[in-house]
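Colleague: This is the structure I have questions about; it appears just below.
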Amino acid sequence: MARVTVEDCVLLVPNRFDLVLLAAQRARAISAGAALTIDRDNDKNPVVALREIADKTVAVGTLTENLIHGLQRHVERDEPVEDDMPRLMAGQDMGMGEDISPEKFAQAMADLTSELDRALGPDEEDGDGSVEDDAEA
């Protein structure tokens, strides 16, 4: 009976490896107590699962989704992610202290820029006071 069942199922699920995975998933569900959609006829759970697939009494898409869900270790959920860009644009400190105004934020950036300029030292200048360009040298 199983040989005929597999040949009937291959018409619905062309890949035999996928068919084995789906039938095994359905057989495990039957073992766990899922309701049968056909008569058992003294067959074991894997044969019943193949017969259900061949008779189209279970949806192959549902079996595929259940299989994927059963194999996943981390299930991603669609949750809204807070966008931090508006807070940055407003000059807020992103939870690392008190919120600051845009003016204070601009002043802090200017101070930081001047500190970086001092730390890096003066640029090399030509005799006429202009900054030397590496591309021309």
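The values are calculated or read from the model by the stated rules, or taken from the named source; none is laboratory data. Bear in mind the structure is a predicted one, so any value in this text is a computation, not a measurement. Cβ coordinates were reconstructed from backbone atoms using ideal geometry, including for glycine residues, and neighbour counts include every protein chain displayed.
Colleague: For MET1, all conditions in the list (1) at pLDDT below 90; (2) surrounded by 15 or more Cβ atoms within 10 Å (Cβ to Cβ); (3) in contact with an Asp or Glu (Cβ under 9 Å, 6 or more places away or on another chain) hold save one; what is the number of the exception?
Modeller: (2)
Colleague: Then there is this: Kindly list the number of the only condition in (1) surrounded by 14 or more Cβ atoms within 10 Å (Cβ to Cβ); (2) free of Cβ contacts under 8 Å to residues at least 24 places away in the same chain that fails for VAL58.
Modeller: (2)
Colleague: I would also like to ask the following. For the range 23-35, how many residues are hydrophobic (A, V, I, L, M, F, W, C), part of a helix (DSSP H, G or I) and farther than 18 Å from ASP8 by Cα?
Modeller: Our first condition is that a residue be hydrophobic (A, V, I, L, M, F, W, C); within the range 23-35, this holds for 23-24, 27, 29-30, 32, 34-35.
Now drop any that are not part of a helix (DSSP H, G or I), which leaves 23-24, 27, 29-30.
Filter once more, keeping what is farther than 18 Å from ASP8 by Cα: 29-30.
Going through the range 23-35 one residue at a time, the tally reaches 2.
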